[in-house]
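Structure first, commentary second.
Since every read-out is calculated from the coordinates, none of them should be taken as a lab result. Given the structure is predicted, the values throughout are model-derived calculations rather than measurements. As a convention, Cβ positions derive from the backbone with ideal geometry for all residues, glycine included, and neighbour counts pool all protein chains shown.
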Amino acid sequence: MTEVNVRRSAKWELRRQAIIDTSAHVFAQRGFHGTSTAELCEANQVGKGALYYYIGSKEQLLVAIHDRVMDEVMVGADRVANSEGTPPEQLAQLGTELLDVIHRYPDHVWVFLHEFPALTGENAETFRRRRRDYEIRVEDIFEAGQRSGDFRDIDPPMAAKAWLGMHNYTYLWLRPGGRVGVPDLAAQYADIFVRGISAAPSTGAVAMPSPGTASAPPVPPARTGAKKRRQGAA
């Protein structure tokens, strides 16, 4: 590939990512089915031909938004898996990573959690597998904690669903600049959850890492329609 093609490809990818981000915001406000192709073109200031050139079909745009969320959470899960922390520490780290994604991509996460049923065929199956892969990462930490004696006897799949529900629900109210930031919220969630499943009384809160450091997708109640921004959110 020539240098010119490399530059063109980089520019193309940058524009494509911008379209994905803008469209995620539109879907979050109006819903996938409530948004027309013409409205997407207007929001992105492109014609239908250009939208197809960068994305493809409307469903492929939804796929790209799902990919953004799953790629980010799996990168975080990999960092946690590659760390040398104890199961309680890894559970806290994973919570920090997940909340960081929710905080940075609120529109994408809303679409991911609400519009999954709009995916069809192989697209739907692909993301069922990817969601399940992440759930298994959570379950693995609970199982490791039981083997190490850090966690009491629990049902790992059920515990994973409870953990995911606790963290994923924050997309409804966690806002940039709010009174509660990701590190503080992650610390509180880890303290609540780890103490709740600990095999022995805890002597202190779990030390919290920063997102993106090794040492340092999900299902809330179903809702329909477009997202409603709440006033006074944290």
Quiz item: Excluding Glu42 itself, what net charge comes from residues whose Cβ is under 13 Å from its Cβ, given Lys and Arg +1 and Asp and Glu -1?
Solution: +1
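Based on alpha-carbon atoms only, what is the radius of gyration of segment 1-157 relative to the globular estimate 2.2 N^0.38 Å?
Ratio of Rg to 2.2 N^0.38 Å for segment 1-157: 1.26.
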Quiz item: Once you put a point 7 Å from the Cα of Ser36 and another 7 Å from the Cα of Arg104, both along the Cβ direction, what distance in nm separates them?
Solution: 3.6
Practice problem: Select from Gly76, Thr96, Tyr171 the residue farthest towards the positive end of the dipole of segment 58-197; place +1 on Cβ of Lys and Arg, -1 on Cβ of Asp and Glu, and compute about the Cα centre. | Solution: Tyr171
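Under 8 Å for C-alpha pairs, at least 6 residues apart: give me the relative contact order for segment 47-152, rounded to a whole percent.
Working: 57 pairs, mean separation 38.4, N = 106.
It comes to 36 percent, rounded to a whole number.
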Quiz item: Which distance in nm do the two modelled labels at Arg129 and Ser57 give, with both placed 7 Å along the Cα-to-Cβ direction?
Solution: 1.9
Self-check item: Estimated dipole of segment 58-197 in Debye, rounded to 20 [Cβ of Lys and Arg +1, of Asp and Glu -1, Cα centre]
Solution: 340
Quiz item: Under 19 Å from the Cα of Lys11, which aspartates and glutamates turn up, not counting those fewer than eight places away in the same chain?
Solution: Glu3, Asp21
Self-check item: Sparse-neighbourhood loop sites, trypsin sites (Lys or Arg not before Pro) in segment 112-172 - DSSP loop, at most 15 other Cβ within 10 angstrom
Solution: Arg152
Practice problem: Compute the distance in nm between two label points, each set 7 Å from the Cα along the Cα-to-Cβ direction, one at Lys161 and one at Arg175. | Solution: 3.2
Practice problem: Pop the C-beta distance of Arg195 and Ala18 into the FRET formula with R0 = 45 Å and round what comes out to the nearest 0.05. | Solution: 0.55
Quiz prompt | Amide N of segment 52-92 lying under 20 Å from the label point, which is placed 7 angstrom from the Cα of Ser9 along Cα→Cβ | solution = 53-56
